[in-house]
Ligand SMILES: [Zn+2]
C-alpha cells in the first residue's frame with residue numbers, strides 16, 4: 001500500500017505528463033508553476049453550496065497551475081489524478 005507521500009508524488013508526475021506539449025491558451029507559453037503544493041494544509045478548494053444555504057456541502061480539491069509568462073491560471077480536480085495514481089500502484093499486485 002503506497003504512502004500518501006508516494007501517491008502525491010505520482011499525482012505530480014501524472015500531471016506533468018499530461019501537460020507535456022500543453023500551451024497557455026492566452027500567450028502560448030509552455031512553462032507553468034504549480035500553485036497548490038500537494039501535502040500542504042494550504043490548498044485551493046471549489047466550495048459547493050446548496051441554494052440558500054451558506055454552509056458548504058462539498059469541497060472539490062484543486063491543483064492550480066499558473067502560466068509562468070502571463071499568469072493565466074488553469075485548475076484540475078485532484079480526484080481523477082488521485083484515482084489514476086492509486087491505480088498505478090495496483091498494477092502487478
Ligand atoms: Zn500565458
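Extents of the range 4-90, taken as max minus min of Cα coordinates on every principal axis and listed largest first, are 41, 37, 19 Å. What shape does the range 44-93 have by the C-alpha gyration tensor, where a ≥ b ≥ c are the square roots of the eigenvalues, rounded means a/c under 1.5, and otherwise prolate means a/b greater than b/c and oblate the rest? The shape class here is oblate. So, in Å, what gap is there between the alpha-carbon centers of the range 1-24 and the range 45-93? With the range 1-24 and the range 45-93 each reduced to a Cα centre, they are spaced 13 Å. FRET efficiency for the residue 9 to residue 49 pair, using the beta carbon distance and R₀ = 41 Å, is estimated at 0.80. Packing around the peptides 77-83, 52-58, taken as the average count of other Cβ atoms within 10 Å per residue, puts them in this order, highest first: 77-83, 52-58. At R0 = 22 Å, how high is the FRET efficiency between residue 58 and residue 35 if r is their beta carbon distance? Nearest 0.05 is fine. The computed FRET efficiency comes out at 0.55. The calculated FRET efficiency for residue 69 paired with residue 18, based on their beta-carbon distance and R0 = 25 Å, is about 0.80.
Since every read-out is calculated from the coordinates, none of them should be taken as a lab result. Values in this document were obtained by computation on a predicted structure and should not be read as measured data. As a convention, Cβ positions derive from the backbone with ideal geometry for all residues, glycine included, and neighbour counts pool all protein chains shown.
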